[in-house]
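Visitor: Below: one structure in structure tokens.
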Amino acid sequence: MTFSDHVLVWHKKNARRDLPWQQAVTPYRVWVSEVMLQQTQVATVTDYFERFMARFPTVRRLAAAELDEVLALWSGLGYYARARNLHKAAGIIHARYDDRFPDTFDAVHSLPGIGRSTAGAILALAFGQRHAILDGNVKRVLTRHHAIAGWPGETAVSNRLWAIAEAHTPHRRIAQYTQAMMDLGATVCTRTRPACPHCPLRESCLAHANGEQERFPTKRPKKTLPVRVTIFVMVMHQDKHGRFLLLEKRPATGIWGGLWSFPECAPEADLDAWCVERFGSAPNSVAHLPPFRHTFTHFHLDIRPVLVAWGETQRQEFPYIMISARETIWYPLDGETSMKGGAVSELPLLGLAAPVERLLGELSRMERRV
DNA sequence: AAAACGGGGCA
DNA sequence: TGCCCAGTTTT
């Protein structure tokens, strides 16, 4: 029995067939699920996937949607460039391929947000074409099976793994094999405490033979992350309609690109002076909320939230000067959208970065307790 | 606090 | 081609 034979036999008995994107398989559904799965676990993705498909059932509908709406549905999934790429690619498929998902590797691979592995997965799963994949799960299986040392982020290691992945890829039952490899990495050949007794490849696995499963894959070299500090200025406005927090839309690229967030003040700046410049006067009340750390791959972001208010006002419109190059909105704190984490689980109407959503949720819960 | 995850984009 | 960038969850 070959490598792929063992994997396929295992798949027959152990495959998951109940996942949403495994029903009514279309290239579009496979594409969206693969992009979501790039960064998130199956359990989280299923909810997002269902909501996404309900709103954008076809490529055409996605292409016709506003990016804002796509980002809103992506809110909390992270790596928002993927949502932007998904939307952009849908536009390309609409314009160039008449809404039909392309079925050649080069065409699929050249779409924004689709790299070599994702292209291979889509073509294998949706079209039954023979292509190798090399996602995190497969990397783990292969580095262990062949005891490949070295961080897979290194080009030399990656090239080796791709060659091995290609060599193992069978010529038949490609969709099953592709799914099986991902499932195997996700459920058996796990990062910690792999379930080797249940693994179809244990007899040929070099790492298993040496009891070195946890040595592979080699970890990314450590780097001490720089720390950046920012002040989230949470401008609160209260009137007879309730409480509102000022959000502004971030630039399309960079951190939390295109998402809505709080205005940010440099930590060394004087808050009152900043407010005067930005809003025309210093706030009447300033409350420092507990700071917290949000960690990205390349740096820590220490967030110091400050709640500022100018007191009650009768006016519907916020009366202060808002000097901003950005679009701003008043987020209703006491509306249904602020009930996340509570009994009502509404869709976020806006794309919000995780720390922003967290702060909004905390404030709305504080409000409801009072 | 560390680790994991796939791809884009730019020198 | 080699580097840096980007968010969140899990461990």
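Visitor: Scan region A:176-226 residue by residue and report those that are within 14 Å of DNA strand B (Cβ to nearest atom), open to solvent by less than 50 Å² (accessible area, probe 1.4 Å) and among the hydrophobic types (A, V, I, L, M, F, W, C).
Guide: Correct list: A:Met181, A:Met182, A:Leu184, A:Val188, A:Cys189, A:Ala207, A:Phe216.
Visitor: Yes or no: A:Ala252 more than 29 Å from A:Arg365 (Cα to Cα), open to solvent by 50 Å² or more (accessible area, probe 1.4 Å), hydrophobic (A, V, I, L, M, F, W, C) and assigned to a loop (DSSP other than H, G, I, E, B)? Spell out the reasoning first.
Guide: Working: more than 29 Å from A:Arg365 (Cα to Cα): yes; open to solvent by 50 Å² or more (accessible area, probe 1.4 Å): yes; hydrophobic (A, V, I, L, M, F, W, C): yes; assigned to a loop (DSSP other than H, G, I, E, B): yes.
Criteria met by A:Ala252.
Visitor: Kindly indicate whether any position in region A:274-290 is free of Cβ contacts under 8 Å to residues at least 60 places away in the same chain and more than 30 Å from A:Met322 (Cα to Cα). Explain how you work it out, then say what you get.
Guide: First pass over region A:274-290, keeping only residues free of Cβ contacts under 8 Å to residues at least 60 places away in the same chain: A:274-288, A:290.
Now narrow it down to the ones that are more than 30 Å from A:Met322 (Cα to Cα): none.
Within region A:274-290, none of the residues are free of Cβ contacts under 8 Å to residues at least 60 places away in the same chain and more than 30 Å from A:Met322 (Cα to Cα).
Visitor: Right, next: Within region A:284-294, is there a residue that is more than 32 Å from the chain's Cα centre (by Cα), in a loop (DSSP other than H, G, I, E, B) and hydroxyl-bearing (Ser, Thr, Tyr)?
Guide: no
Visitor: Can you find, within region A:141-158, the residue that is surrounded by the most Cβ atoms within 10 Å (Cβ to Cβ) among those that are assigned to a helix (DSSP H, G or I) and more than 13 Å from DNA strand C (Cβ to nearest atom)? It would help to see each step written out before you state the result.
Guide: Within region A:141-158, the subset assigned to a helix (DSSP H, G or I) is A:141-145, A:155-158.
Still in the running and more than 13 Å from DNA strand C (Cβ to nearest atom): A:141-145.
Details: A:Val141: 27, A:Leu142: 25, A:Thr143: 25, A:Arg144: 25, A:His145: 21.
Going through the qualifying residues, I end up with A:Val141.
Visitor: Provide a single number: the residues in region A:171-209 that are part of a helix (DSSP H, G or I), within 16 Å of DNA strand C (Cβ to nearest atom) and among the β-branched types (Val, Ile, Thr).
Guide: Qualifying residue count, region A:171-209: 1.
The values are calculated or read from the model by the stated rules, or taken from the named source; none is laboratory data. Source: prediction; values computed, not measured. In this analysis, Cβ positions are derived from the backbone assuming ideal geometry, glycine residues included, and neighbour counts consider all displayed protein chains. The protein model used for the area step is the full one, side chains on, heavy atoms only, and it has no ligands, DNA or RNA in it. Shrake-Rupley method; radii C 1.70, N 1.55, O 1.52, S 1.80 Å.
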